[in-house]
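Colleague: After the structure tokens below, expect a handful of questions from me.
The values are calculated or read from the model by the stated rules, or taken from the named source; none is laboratory data. Given the structure is predicted, the values throughout are model-derived calculations rather than measurements. Reconstructed Cβ throughout: ideal geometry from the backbone, glycine too, with neighbour counts over all protein chains shown. For accessibility, only protein heavy atoms count, side chains too; no ligands or nucleic acids. Shrake-Rupley method; radii C 1.70, N 1.55, O 1.52, S 1.80 Å.
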Amino acid sequence: LDRLERYRTAWSRYCKSRGYGIHSPFAYNFVLNVINEQHPYYAYDDIENLYDNITEMVKQEQLSSEVMSQKNAKLVFRVVNHFNPAVILQIGSSYGMSTICALMPNSKSEIYLYEPDFDSRAVLQKAIEPYRNRIVLKESIVQAVADYDAAVIDNNQQHFVIVNDIPADTDYNQLQVAIYSIIDKQGVVLFRNIAKSELMLQLWNDSKEYAQSGMSFSNERIAVFVANPKLPRQDFLLWL
């Protein structure tokens, strides 16, 4: 949202974030007890330490890209913790912050990761080293989705996807097809960097338009779509 629109919707987003005006029991519980949970989780200290360590490595390497914020990292943790997927598909890695936070809730979970620049990302490689045996690297989105789908079926689990970024313009169509497929399979998709990337914003808007049921929860910077066919098609704009 642009600045004027954020001011205009501020009170409504603030109220929604505290459950006011939300009639769906699922949405009410999800907003208050997952999205906007105020009590600390057991992993918060580890996430804060992880952020400090990765930030220091980024400074030493003199890299320009920002590290994922602690606030968003904790949100990723809470959402994954709530749905507790055994296998996760992740597009992009955010220096490993998002990847590690998604693995923290379940010591047996795995991530199928599409990160085309992995071999040249020293900070990422060092950050995820303790979790490397639970991360399956894939060379293309098509391969990542196909192998991930097989793993979900084997584990009889709900689909769960985290899209941190879209590495290249040429990846968009393949990723769009993959996300539509996850929506059709009643999965959960977490979108990041919506305000920073035009492609991410386009993917987010296209996905909302494509879905026939399910609920989205967003501040137009980070968003979660829950494609449950039992939920009416609703979008909740929140203060996060």
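Colleague: For a quick check of your reading: which helices (runs of 4 or more DSSP H) sit entirely within the range 95-167 and have at least 3 residues that are open to solvent by less than 50 Å² (accessible area, probe 1.4 Å) and in contact (Cβ under 8 Å) with a residue 40 or more places away in the chain? Write out each step before concluding.
Modeller: Working: elements: 97-103, 122-128, 141-155.
Answer list for the range 95-167: 97-103, 141-155.
Colleague: Still on this structure, please answer the following. Look through the range 17-34, keep the residues that are touching a helix residue (DSSP H, G or I) at 6+ places or on another chain (Cβ under 7 Å) and in contact (Cβ under 8 Å) with a residue 40 or more places away in the chain, and return whichever of them is farthest from Gln70 (Cα to Cα).
Modeller: My answer is Ile22.
Colleague: Among the residues of the range 68-88, what is the count of those that are of a type outside the set (D, E, K, R), without any contact (Cβ under 8 Å) to a residue 60 or more places away in the chain and either closer than 20 Å to Glu110 by Cβ or surrounded by 23 or more Cβ atoms within 10 Å (Cβ to Cβ) (or both)?
Modeller: The initial filter retains those residues of the range 68-88 that are of a type outside the set (D, E, K, R), namely 68-70, 72-73, 75-77, 79-88.
Add one more test, that the residue is without any contact (Cβ under 8 Å) to a residue 60 or more places away in the chain, and what stays is 69-70, 73, 77, 81-82, 84.
Keeping just the survivors that are either closer than 20 Å to Glu110 by Cβ or surrounded by 23 or more Cβ atoms within 10 Å (Cβ to Cβ) (or both) gives 73, 77, 81-82, 84.
Matching residues across the range 68-88 total 5.
Colleague: Just wondering, is there one or more residues in the range 168-189 that are closer than 22 Å to Asn106 by Cα, of a type outside the set (Val, Ile, Thr) and surrounded by 15 or more Cβ atoms within 10 Å (Cβ to Cβ)?
Modeller: The answer is yes; a qualifying residue exists.
Colleague: Going through the range 168-182 one residue at a time, which ones are of a type in the set (A, V, I, L, M, F, W, C) and either under 19 Å from Tyr210 (Cα atoms) or without any contact (Cβ under 8 Å) to a residue 40 or more places away in the chain (or both)? Quick ask: steps written out before the conclusion?
Modeller: First, the residues of the range 168-182 that are of a type in the set (A, V, I, L, M, F, W, C): 168, 175, 177-179, 182.
Residues satisfying the conditions are Leu175, Val177, Ala178, Ile179, Ile182.
Colleague: When you go through Asn106, Asn29 one by one, which is the residue that is over 15 Å from the mean Cα position of the chain (by Cα) and within 30 Å of Ala144 (Cα to Cα)?
Modeller: Working: Asn29 fails: within 30 Å of Ala144 (Cα to Cα).
That would be Asn106, the only listed residue that is over 15 Å from the mean Cα position of the chain (by Cα) and within 30 Å of Ala144 (Cα to Cα).
Colleague: I'd like to verify a number: residues in the range 199-232 that are charged (D, E, K, R), modelled with pLDDT of 95 or more, more than 23 Å from Asn156 (Cβ to Cβ) and open to solvent by 70 Å² or more (accessible area, probe 1.4 Å), how many? Please lay out each step first, then the result.
Modeller: At the first step, the residues of the range 199-232 found to be charged (D, E, K, R) are 206, 208-209, 220-221, 230.
Those left that are additionally modelled with pLDDT of 95 or more: 206, 208-209, 230.
Subsequent filtering for residues that are more than 23 Å from Asn156 (Cβ to Cβ) retains 206, 208-209.
Of the ones still in play, those that are also open to solvent by 70 Å² or more (accessible area, probe 1.4 Å) are 209.
Final tally of qualifying residues: 1.
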